[in-house]
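> Below you'll find the structure I mean.
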Amino acid sequence: MATPIRKAILPVAGLGTRFLPATKAVPKEMLTVVDRPVVQHVVDEARAAGIEHIVFVTGRNKGVIEDHFDRQYELEATLSERGKHQILDALREETMGPGKTSFTRQQLPLGLGHAVWCARDIIGNEPFALLLPDMLHKPRNGKGCLAQMVDAYRKAGGGNHLAVYEVPPEQTDQYGIVGLGEPLSDNVHRISRMVEKPKTSVAPSNLAISGRYILQPEIFDLLATQERGAGGEIQLTDSMLKLAKKQDFYSVTFDGSIYDCGSKLGFLMANVAYALSRPDIAETFRPELDALLAQI
């Protein structure tokens with residue numbers, strides 16, 4: 001039986017330079033998609049998949065993320081006094097309980113692999129999930145991306161699992177691309193190859209890694225000795241390639257839409273998509289959107 005996935009890492013130390021000047025004082029992870037910070041959407045996905053403990057790998061000026069996931073007694077008291085019990089109940093339901101979150105600093109900008117390695121002592125010797133908070137995964141069937149991956153992980157009896165999605169073939173040089181081997185089900189395959197940003201002519205497929213991972217703890221030992229790669233950073237992909245020589249890797253093709261909120265276009269599209277899926281907003285938002293488009 002596979003060891004349960006109880007912990008998740010969220011690397012939130014990035015500077016958010018693509019969203020300046022907004023991110024001078026506000027972490028990019030706290031920019032809102034409709035009325036929820038991007039990072040809250042990702043935490044919701046993790047908790048829906050059964051994650052019990054979330055490790056945030058932070059950097060300077062990210063304290064507001066820690067505050068967001070803490071209780072705010074003054075706010076709760078004010079809401080209670082004003083009879084806003086529905087809002088208060090929602091806030092309490094979303095608050096992680098005592099001891100359910102950890103925050104550790106990535107003191108140097110040395111890449112995703114280094115950020116993961118910074119969480120090693122908190123994760124310990126057990127498999128874990130890794131969720132990149134820039135990437136919002138909106139499911140089509142109600143089950144979130146990580147929940148789909150956890151299902152695949154259990155059925156496979158363990159291993160390492162990467163969520164993937166189709167990208168235009170001419171854009172493979174912008175992503176980590178996987179090649180597929182033996183199928184385990186309609187949307188789960190063994191991974192035969194992993195290539196970082198290959199040209200279209202040599203790419204093994206057009207399936208890109210989408211920022212969701214389930215990894216075994218042996219990755220930490222590899223990251224500890226991993227030489228710097230592209231951009232002078234410690235690349236997670238480099239250590240995954242080494243681990244793949246010893247352990248199985250599987251792809252899980254995500255059933256849903258993915259929005260890269262690290263880009264302005266992806267962020268705007270996420271706001272539109274999530275607003276249109278909200279029963280309390282969609283009925284009035286859709287005609288306003290249609291009217292705006294008709295004027296352009």
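The values are calculated or read from the model by the stated rules, or taken from the named source; none is laboratory data. Keep in mind that this is a model prediction, so the values were computed, not measured. In this analysis, Cβ positions are derived from the backbone assuming ideal geometry, glycine residues included, and neighbour counts consider all displayed protein chains. Calculation scope for accessible area: heavy atoms of the full protein, side chains included, ligands and nucleic acids excluded. Shrake-Rupley method; radii C 1.70, N 1.55, O 1.52, S 1.80 Å.
> Of all residues in the stretch 157-179, which are free of Cβ contacts under 8 Å to residues at least 60 places away in the same chain and buried (at least 21 other Cβ atoms within 10 Å of the Cβ)?
Answer for the stretch 157-179, where residues must be free of Cβ contacts under 8 Å to residues at least 60 places away in the same chain and buried (at least 21 other Cβ atoms within 10 Å of the Cβ): 172, 177.
> Okay, moving on. Is it true that some residue in the stretch 260-275 is part of a loop (DSSP other than H, G, I, E, B) and surrounded by 15 or more Cβ atoms within 10 Å (Cβ to Cβ)? Explain how you work it out, then say what you get.
At the first step, the residues of the stretch 260-275 found to be part of a loop (DSSP other than H, G, I, E, B) are 261-263.
From the residues that got through so far, the ones that are surrounded by 15 or more Cβ atoms within 10 Å (Cβ to Cβ) too are 261-262.
Yes, the conditions are met somewhere in the stretch 260-275.
> In the stretch 7-43, how many are touching a residue at least 60 places away in the same chain (Cβ under 8 Å), of a type outside the set (Val, Ile, Thr) and part of a helix (DSSP H, G or I)?
Total meeting the criteria: 5.
> For the stretch 238-255, name all the residues that are part of a helix (DSSP H, G or I) and open to solvent by 20 Å² or more (accessible area, probe 1.4 Å). Break it down stepwise before answering.
Our first condition is that a residue be part of a helix (DSSP H, G or I); within the stretch 238-255, this holds for 238-243.
Result: 238, 241, 242.
> Of everything in the stretch 105-119 that's open to solvent by 20 Å² or more (accessible area, probe 1.4 Å) and assigned to a loop (DSSP other than H, G, I, E, B), which residue is modelled with the highest pLDDT? Full working, then the answer.
First, the residues of the stretch 105-119 that are open to solvent by 20 Å² or more (accessible area, probe 1.4 Å): 105-110, 112, 114, 117-118.
Next, from what is left, pick out any that are assigned to a loop (DSSP other than H, G, I, E, B): 106-110.
Working: 106: 92, 107: 85, 108: 83, 109: 82, 110: 83.
So the residue we want is 106.
> Checking the structure you have, find out if any residue of the stretch 180-190 is on the phi > 0 side of the Ramachandran plot and either crowded, with 22+ Cβ neighbours inside 10 Å or under 22 Å from the mean Cα position of the chain (by Cα) (or both). If you could, list the steps in order and put the result at the bottom.
In the first step, residues of the stretch 180-190 are kept if they are on the phi > 0 side of the Ramachandran plot; the result is none.
The answer is no; no qualifying residue exists.
> Whether any residue in the stretch 120-140 is surrounded by fewer than 22 Cβ atoms within 10 Å (Cβ to Cβ) and over 29 Å from residue 13 (Cβ atoms) is what I want to check.
yes
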